Amino acid sequence: MSASIDKIVENLIVFLDEDQVSVNQIVRELHSKDESYHDASLPDVVVFPKTAADVSKIMNVANNLQVPVVPFGRGSSLEGHVIPYDNGITIDFSLMDKILEVREKDLLVKVQPGVTRTQLNKELKKYGLFFSVDPGADATLGGMAATNASGTTTVKYGVMRDQVRDLEVVLADGTIIHTGSLAAKSASGFHLNGLFVGSEGTLGCFTELTLKVYGIPEFTTAARAVFPTVKNAVEAVTSILQAGIPIARVELVDESSIRQVNKFSGTDYADKPTLFLEFEGNEAGLKQDVEFTKEIMEDHNCEEIQFETDNTARTKLWDARHNLAYAYIHGHVGKKMMVTDVCVPISELANAVIFARKELDAIDLPGGILGHVGDGNFHALLMIDMSNPEELAKAETFNEKIVLYALERNGTCTGEHGVGVGKQKYQAAEHGEALQVMEKIKLALDPNNILNPNKIVQIEKIDK
Ligand SMILES: Cc1cc2nc3c(=O)[nH]c(=O)nc-3n(C[C@H](O)[C@H](O)[C@H](O)COP(=O)(O)OP(=O)(O)OC[C@H]3O[C@@H](n4cnc5c(N)ncnc54)[C@H](O)[C@@H]3O)c2cc1C
């Protein structure tokens, strides 16, 4: 880095208030890590912009001084995305947390990037609306767009990329652009929404997002279905999808994870492979969907199925599923969590999960498997003692085996968590020549490589 910290601060306080610029050790430490096992690294300065104009001027300073910049939402990412390994400036978007406009008739909402998904859903409820993407953690919408987040509702509503109608983006040189419009469809120009969503802060900083929202369904029913084997459970899901039942959520939790859920949430679910499901719609349609699903489950040896229509019981059931990662963390104090994240074609899912379970048993580390099985995306959660290099090496080898298994079947190394630093080593194997196209795009938009450098792509490889 060419500029001293004093020089950076001197340039920033020309247009930012002093309390918007911090070199405080505790503030820097809070921005030195994410929720993963990856090593921390301190930023030199943390800034808290209030407007797109602030962000533009910050980018001007950084670009002129050639200082790295890392955008930061909530820091809930899982592959080291926000860790500033090259130090520099971290831009924390927590002061840009306004819901700017709810366009009820257009089913759109305009938000600043620091708005969290629970904050948004609380506001939308007043209008009978909701925002569909639910990554478990209470992430910011800026961070969720930057990682193309998804979660339990994706099987019905799609991923973050499907929800973004427009982004206001500040580029590396401070230019402010819009990537879309309010129109429901467009055949005009390159699909910049698609390019920027999932770019993990490497191509620009999002300062405003226009997102699709949905009407809250009239009725919702949740269910828990227990199976003798993972294969039975996954095959039941495939049959449900093939039958065209519009399921809203379907999650697989394996038996060791059910044991962890029971310990953490005080439930007494049978410790066998279990599907957590949700159906929504009008009363008549829902009844039909539920009956049809029951028949399909029985065909696949379902041993127990329990439906919950009552709001409290439904919430309890889904809280148990959503708290699974925290159940592992609380159950293994002092250890760090590694989460694998491959996604495979749904026809390969049952064997992929069985393969992962066998490999997990072989390394003998505490952990379990859960999956967004309707999408072919599953996670193995492993708890690692970071002071034991052998454990970390075993976990990394395991992760690699799962990734290579998925890539051999035309899947992806990350279904939703993103690349960050953890999945960078698989980019060439997954994308081949297309990785060079990504590197060229990065270089065209950020020639000084200041935006979240060395995440997703390594641009040093390029001949300038
Ligand atoms: C318990 C747990 C469960 C999780 N489950 C899921 C899951 O089911 N599905 C899923 O997808 N993820 C999941 N995650 C991961 C995480 O919640 C998501 O990656 C989330 O989208 C990150 O949002 P954030 O606000 O924390 O962003 P951060 O972690 O702060 O940042 C993530 C990335 O976005 C960039 N960024 C942040 N804000 C902006 C901006 N305004 N402009 C441009 N770039 C920006 C950062 O530079 C970084 O590269 C989980 C995490 C935890 C801890």
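All of the numbers you see were taken from the coordinates with simple rules; none came from a lab. What you see is a predicted model; the values in this text were computed from it and never measured. Methodologically, a virtual Cβ is constructed for each residue, glycine included, from the backbone with ideal geometry; neighbour enumeration extends over all protein chains shown.
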> Amide H to amide H under 5 Å from Cys343: which residues, 5+ apart in sequence or cross-chain, H placed 1.01 Å off N in plane?
Replying inline: Thr412, Thr414, Gly415
> What is the extension gain from Tyr127 to Ile13, computed as 0.36 nm multiplied by their sequence separation minus the C-alpha to C-alpha distance, in nm to one decimal?
Replying inline: 37.0 nm
> If you plug each phi of the range 388-396 into the Karplus form 6.51 cos²θ - 1.76 cosθ + 1.60 with θ = phi - 60°, what whole-Hz ³J(HN,Hα) values come out, in order, with x for Gly and Pro?
Replying inline: 10, x, 5, 5, 5, 4, 4, 5, 5
> Straight-line reach from Lys401: which lysines have Cα under 27 Å away, leaving out those fewer than 8 places along the same chain?
Replying inline: Lys33, Lys231, Lys272, Lys335, Lys336, Lys358, Lys423, Lys425, Lys455, Lys461
> R0 = 41 Å: FRET efficiency of Asp299 with Ala187, Cβ-based, nearest 0.05?
Replying inline: 0.40
>> What is the angle, in °, between the Cα long axis of helix 230-242 and the longest principal axis of the Cα atoms in the chain? Nearest 10 is fine, range 0 to 90.
In response: 80
> Of the listed peptides 5-15, 421-431, what is their order by residue-averaged count of other C-beta atoms within 10 Å, with the highest listed first?
Replying inline: 421-431, 5-15
>> Test of understanding: what is the full-extension gain from Gln458 to Asn410, defined as 0.36 nm times their sequence separation minus their Cα-Cα distance?
In response: 14.9 nm
>> Below 13 angstrom from the Cβ of Glu408, what's the summed charge of the other residues (Lys, Arg +1; Asp, Glu -1)?
In response: -1
>> Under the 0.36 nm per residue contour assumption, what length would be gained going from the current alpha-carbon distance of Thr229 and Asn388 to full extension?
In response: 53.9 nm
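Order 188-199, 53-64 from most to least packed using the mean count of other Cβ atoms within 10 Å.
The densest-packed peptide leads the list: 53-64, 188-199.
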> Quick one: Karplus J couplings for the range 367-377, per residue in order, coefficients 6.51, -1.76, 1.60, θ = phi - 60°, nearest Hz, x for Gly and Pro?
Replying inline: x, x, 10, 9, x, 7, 5, x, 9, x, 9
>> I need the peptides 67-77, 359-369 ranked by packing, meaning the mean over residues of other C-beta atoms within 10 angstrom, with the highest value on top.
In response: 67-77, 359-369
>> What are the ³J(HN,Hα) couplings of the range 11-25, residue after residue, when phi is run through the Karplus curve with 6.51, -1.76, 1.60 and θ = phi - 60°? Round to Hz, x for glycine and proline.
In response: 6, 6, 7, 5, 10, 9, 5, 4, 7, 9, 10, 10, 10, 4, 4
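Just rank Phe130, Phe206, Phe227, Phe355, fewest to most, by other beta-carbon atoms within 10 angstrom.
Working: Phe130 18, Phe206 29, Phe227 24, Phe355 15.
In order of increasing Cβ crowding within 10 Å: Phe355, Phe130, Phe227, Phe206.
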>> Once you place label points 7 Å from the Cα toward the Cβ at Asp268 and Glu283, how far apart are they in nm?
In response: 3.4
> Can you put Glu104, Glu255 in order, fewest other beta carbons within 10 Å first?
Replying inline: Glu104, Glu255
>> What distance in nm separates the two pseudo spin-label positions at Glu291 and Lys440, each 7 Å out from Cα along the beta-carbon direction?
In response: 5.8
>> Please compute the modelled spin-label separation between Ala313 and Gln66, points set 7 Å along Cα→Cβ, answer in nm with one decimal.
In response: 6.6
